[in-house]
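Heads up: the structure comes next, in structure tokens.
The values are calculated or read from the model by the stated rules, or taken from the named source; none is laboratory data. Model, not experiment: these values are computed from the prediction. Backbone-built Cβ (ideal geometry, glycine too); neighbour counts: all protein chains shown. Surface accessibility is based on the protein's heavy atoms, side chains included, excluding ligands, DNA and RNA. Shrake-Rupley method; radii C 1.70, N 1.55, O 1.52, S 1.80 Å.
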Amino acid sequence: MAVETGRERAVYAANPAQSRGRRYVEPASASRNAFRRDCDRIIHSAAFRRLAHKTQVFIYHEGDHYRTRLTHTLEVVQIARSIARALGLDEDLAEGLALAHDLGHPPFGHAGERALDECLAGSGGFDHNAQALRIVTDLERRYAAFDGLNLSWETLEGLVKHNGPLVDREGTPVGRYVRHGLPAAIAAYSKVQDLELWTYASAEAQVAALSDDIAYDAHDIDDGLRADLFTLDDIAEVPLIGNILSTIDEQYGHIDTARRVHELVRALITRMIEDVIAESSRRVTMLKPKSGVEVRGAPRPIIGFSAAMEKADREIKGFLYPRMYRHDRVMKVMADAEGVVCDLFAHYMKSPADLPPEWRDAIVRAGEATPARHIADYIAGMTDRYALIEHEKYFETTPELR
């Protein structure tokens, strides 16, 4: 039987044997390297399990076949490992970053994030990447010797910087953080363990970021079609999608719609993966990085889409934004969901005694004038259904989110 193998390890790939280590020193594992150990810790965390009941786009009770945060995460993992293997990168680090990339999302997807950001407007706002860092460095309480999961430096760096540098070399926020500044959780942790926020992350982290994009594009098309928010004829207006559908029709002739959709999703993922591999190989040839340090210091990401695929990616997102993410049906549900989160936040701020004992104790231990951040941590950890159950306890009416 033929065994699929990756390329020889690239010289610029992350090497678990040369990891910069963990915040708290631990004995090495006899059976797992540092990055494999990180993957396992993430998989066994409570935050990872809760992803099974957190919204991707559609609320959990709208159908069994829609993506949740967990199924989306697993799809990102598969894509990330495929790309990492083809490029000779460390598959375990790529997997760990894919596993962790959505840990910080609150219930109800981006609607929950918007609501918590509004609730915390006077306390630094809410950012799901910063929340993921809080989870893996503080909020998970599984070990006797430390809070958090004590992940390796490379995993923490990639979790925070997978979309690029957060600040310039002088420490001034860049990109999405220009307007509101660097999230306090990221700034505070980087003082404890310097994550070099001004550089790019590892090639493996960049792979995880692109894998997230690929999964979003392909599987949101699948879910949007399943929900009847648009048709195959509608999305065929996107040139890349139209081209793929034409190829499918030429190869298979008349096939039922469900099979046609599955062939579309499969072919789109394949094309995007192959494009990333080809474009990244081209960038490697140009930049000739000899180490992970050179990848971090490069003037642009070493992993990416070609110009043509970047255009196609924008066109797919441009199609999905008004027809799916901003569809009247989705927007109504999300508006109601935002209301649920805001109601819960206001209630716990007024009546912190209604929090579970461990959360009340955390507020007392912190000795802070306002419990806002702790309350946001509690709500952010809720699943969709638990948030609705809690809302029903304290309010006369709770929306059905349909």
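Relative to one another, the C-alpha centroids of segment 367-402 and segment 306-338 are positioned 27 Å apart.
Using the rule -39500 (n - 2.57) for each DSSP H run of four or more residues, divided by the residues of the chain, the 222 nm mean residue ellipticity is -17500 deg cm²/dmol. With contacts taken as Cα pairs under 8 Å and at least 6 residues apart, the chain reaches a relative contact order of 21 percent.
Protection proxy ranking, highest mean first, for peptides 112-123, 228-239: 112-123, 228-239, where packing is the per-residue count of other beta-carbon atoms within 10 Å, averaged. Each Cα pair under 8 Å and six or more residues apart adds its sequence gap; the mean of these over the residue count of segment 6-131 is a relative contact order of 27 percent. Based on protein heavy atoms only, segment 90-180 ends up with 36 Å² per residue of surface accessible to a 1.4 Å probe.
Only Cα pairs under 8 Å and 6+ residues apart enter the sum, and on that basis the relative contact order of segment 125-166 stands at 33 percent. The 3J(HN,Hα) values that the Karplus relation (6.51, -1.76, 1.60; θ = phi - 60°) gives for segment 356-367 are, in residue order, x, x, 5, 6, 4, 5, 5, 5, 5, 4, 5, x Hz. Gly and Pro appear as x. Among the lysines of the chain, pairs at least eight places apart or on separate chains and with Cα atoms under 28 Å apart come to 15. Amide H to amide H distances under 5 Å link residue 167 with 174, 198, where only residues 5 or more positions off or on other chains count and H is placed in the peptide plane. Computed packing ranks the peptides 87-93, 16-22 as 87-93, 16-22, most packed first, by mean other Cβ atoms within 10 Å. Of the trypsin sites (Lys or Arg not before Pro) in segment 145-183, the ones in a loop by DSSP (not H, G, I, E or B) with at most 16 other beta carbons within 10 Å are 169, 179.
Computed with a 1.4 Å probe over protein heavy atoms only, the accessible surface of segment 271-324 comes to 51 Å² per residue. Spatially, segment 179-256 and segment 106-145 are offset by 22 Å when compared through their Cα centroids. Residue-wise HN-Hα couplings along segment 128-133, as the Karplus relation 6.51 cos²θ - 1.76 cosθ + 1.60 with θ = phi - 60° gives them from phi, are 5, 5, 5, 5, 4, 5 Hz; Gly and Pro carry x. Heavy-atom surface analysis with a 1.4 Å probe gives the chain a carbon and sulfur content of 52 percent of its accessible area.
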